[in-house]
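**Q** Quick one: structure below, then a few questions.
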Amino acid sequence: ASDTTHLEWCPDGRHVVTATTAPRLRVDNGYKVWHFSGSQLSEVTVNSPSELWEVTWLPQAAGGYNTPDPTEVLLGQTHQKTPSKPSAVYRPPALRGKPQTFKLHEEAVPKEDVSKSAMKNRKKRDAKIKSKADTTLSHTTSSNRSEGQKGALSVAQHILGDQPSVQDTSGEAAKKMKNLRKKLKQIEELKKKQSEGQVLEANQVEKVETESMLIEELSKLEMGK
């Protein structure tokens, strides 16, 4: 018997007792009486918090037991327990009692056995992935459109920059000329640093290259005053 801590033969030579006792084991205490043929005759379980500390056969007076009969071995075979059924292949609780619709070792669960919560979670996942893809596509389209708009705006500013706006007031024109002179002054400082051997950054080089365009624009504004 499992978890046995004590075993003792009966003086009649026909029976044996096995027990699970404390303090060796403090759970599943109890004892079982067996026939020598291997069949279990009785079982007593001691429930927690009670504990079983000792099991022994009661003493008997001399001659209290009959001499064992050899033919009893054959009779004892009739007390053998029914052979246990071979262990079957494990099946999840949700599939027990239902016809088998999957192969052995196949992890996929039949569609009809998928729970509603699993289907709901799958739909949420698919919707989230689709939403993310739509957002990425929208962002890409918006970026492409903004680049095109920037290009068109740059061309329009270049064309309109060749002619002073009729609606510009004298105050706005003076403000533009002030900004242009400020930029030209910064370009002069950059050119001076460059002549002294200092290496300019890429954006500073681009700024120096706009000098002629800024001078031309300033001249037109001064002519239109």
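The values are calculated or read from the model by the stated rules, or taken from the named source; none is laboratory data. Bear in mind that the values here come from a model prediction, so they are computed numbers and not experimental data. All Cβ positions, glycine included, derive from the backbone under ideal geometry; neighbour counts span all protein chains shown. In case anyone asks, the SASA skips ligands and DNA or RNA and just uses the protein heavy atoms, side chains included. Shrake-Rupley method; radii C 1.70, N 1.55, O 1.52, S 1.80 Å.
**Q** So which strands (runs of 3 or more DSSP E) stay within the stretch 1-96 end to end and still have 1 or more residues that are modelled with pLDDT under 85 and in contact with a helix residue (DSSP H, G or I) (Cβ under 6 Å, 6 or more places away or on another chain)?
**A** Once the strands (runs of 3 or more DSSP E) in the stretch 1-96 are filtered for at least 1 residues that are modelled with pLDDT under 85 and in contact with a helix residue (DSSP H, G or I) (Cβ under 6 Å, 6 or more places away or on another chain), nothing remains.
**Q** Looking only at helices (runs of 4 or more DSSP H) that lie completely in the stretch 109-225, which have at least 3 residues being under 38 Å from the mean Cα position of the chain (by Cα) and modelled with pLDDT under 60?
**A** Those helices (runs of 4 or more DSSP H) span 116-161.
**Q** I'd like the residue in the stretch 11-56 that is open to solvent by 80 Å² or more (accessible area, probe 1.4 Å) and closer than 22 Å to residue 67 by Cα and, out of all such residues, is farthest from the chain's Cα centre (by Cα).
**A** 11
**Q** Taking the condition of being over 46 Å from the mean Cα position of the chain (by Cα) and open to solvent by 40 Å² or more (accessible area, probe 1.4 Å), how many residues in the stretch 1-10 meet it?
**A** Here the count works out to 4.
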